[in-house]
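Nothing in this text is a laboratory measurement; each read-out follows from the coordinates by a stated rule. The structure displayed is predicted, hence computed values, not measured ones. For neighbour counting, all protein chains shown are included, and Cβ atoms are generated from backbone atoms with ideal geometry for every residue, glycine included.
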Amino acid sequence: MKIKLLFICLIVFSANVVYADGFDHKLIKREWLYGKDQERKVFDDILDKEVDIKLELENLKNIPAFPEDFLKGKFTVIDIWATWCGPCLASIPENNEIYSEYKDKINFVGICVPKESYDFEQIVRKKEIKYPVGIDKDSDIIKYFRALGFPTYHLISPDGRLVVADIKASNLRDVLNVVLNNGIVN
């Protein structure tokens, strides 16, 4: 009887991993993320860990500087994009809408790939980017987040942990709706 009860407890526990902040990873659909399961193993050592990199961007726009606690207190969306990437440019209007709609509940920052970013300021102006955005001059932040495609989004929890990695642009709103509508953020 004791073994049967232990077995049932193990099944229930393993089927529903809910983190201390109330985040249940099973709520995020696999098809909302880039990469096959094998490719996603690149995130194993940073996922659910405190983000250990500072946001130091060149040509920072729409914010004078990042406060030291920018990655804490609210969920933070990290948008990794490039000026030469058509899908990245096409996602900017939706990013602006998401930023405007959720700015009281989330932080949002666009991190531009430095390669061929010479038209960065022109694109920021032309696309009327509203959220903080800058160039990752040495690609340290981009390397840290290990993007599998562009544009890609990463979600950091209010306690500073990377909780969802490499979200597809078409599914960012889905992920935010799950997070914000399941009691995870007040």
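The table that follows gives values for the structure above.
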item	result
Number of the condition not met by VAL179 [criteria: (1) assigned to a helix (DSSP H, G or I); (2) more than 17 Å from THR76 (Cβ to Cβ)]	(2)
Number of the exception - LEU172 against (1) more than 16 Å from ASP48 (Cα to Cα); (2) assigned to a strand (DSSP E or B); (3) among the hydrophobic types (A, V, I, L, M, F, W, C)	(2)
Whichever residue in region 134-150 is under 14 Å from the mean Cα position of the chain (by Cα) and not in a helix (DSSP H, G or I) and, among such residues, is surrounded by the fewest Cβ atoms within 10 Å (Cβ to Cβ)	GLY149
Considering residues of region 54-76 that are in contact (Cβ under 8 Å) with a residue 60 or more places away in the chain and within 14 Å of the chain's Cα centre (by Cα) only, the residue nearest to ARG146 (Cα to Cα)	LEU55
